[in-house]
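The values are calculated or read from the model by the stated rules, or taken from the named source; none is laboratory data. The structure displayed is predicted, hence computed values, not measured ones. Neighbour counts are summed over all protein chains in view; Cβ atoms, including those assigned to glycine, are modelled from backbone coordinates with ideal geometry.
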């Protein structure tokens, strides 16, 4: 029996440039930004026969189409869950709480063995809330001043 492995999208699978993202003024610019992000870590490289992979992201649900196209372009065919339904540049503490509880719920519901996340703040929260899952920090944090 294989492992159930989860991946964050922006900052783990996709290279994320906080400064470029934050300069986007509307959904069209954000979609264009998302479509051109380079691949950072290919989740297929982490999976072996029998493993099941999942992508869990707080990217806004309005970007499902561009996300699907980007994943297909990079030959990534894993189920993905976009949990964001907030204002595109709203990184208030309330939104951080929603992000963390949404990721916690998905990780626990999918009964993941391992989850890869790039942000230290989120790793700490998930390690406390997802006791049956190994939460691994992978890559550099986004490093923005808002602590996203």
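Assorted remarks:
- Taking the listed residues 78, 126, 82, the one that is buried (at least 16 other Cβ atoms within 10 Å of the Cβ), within 15 Å of the chain's Cα centre (by Cα), modelled with pLDDT of 90 or more and closer than 19 Å to residue 46 by Cα is 78, with no other qualifying.
- Neighbours by Cβ (under 8 Å, 6+ apart or cross-chain): first from segment 105-132, free of Cβ contacts under 8 Å to residues at least 40 places away in the same chain and at negative phi; second crowded, with 20+ Cβ neighbours inside 10 Å and part of a strand (DSSP E or B): 123/117; 123/135; 126/115; 126/117; 126/135; 127/135; 130/115
- Of the set (1) out of contact with any strand residue (DSSP E or B) (no Cβ under 8 Å at 6 or more places or on another chain); (2) surrounded by 15 or more Cβ atoms within 10 Å (Cβ to Cβ); (3) at pLDDT 95 or above, all apply to residue 110 but (1).
- Hits in segment 1-16 - residues which are surrounded by 17 or more Cβ atoms within 10 Å (Cβ to Cβ) and at pLDDT below 95: 10, 11, 16
- Test: residue 58 is farther than 21 Å from residue 109 by Cβ and crowded, with 17+ Cβ neighbours inside 10 Å: no
- Some residue of segment 38-55 being within 20 Å of residue 118 (Cα to Cα), surrounded by 17 or more Cβ atoms within 10 Å (Cβ to Cβ) and modelled with pLDDT under 95: no
- All conditions but one from (1) loosely packed, with under 13 Cβ neighbours inside 10 Å; (2) at negative phi; (3) touching a residue at least 24 places away in the same chain (Cβ under 8 Å) apply to residue 32; the one that does not is (3).
- Residues considered: 62, 44. Of these, the only one that is part of a helix (DSSP H, G or I) and farther than 19 Å from residue 21 by Cβ is 44.
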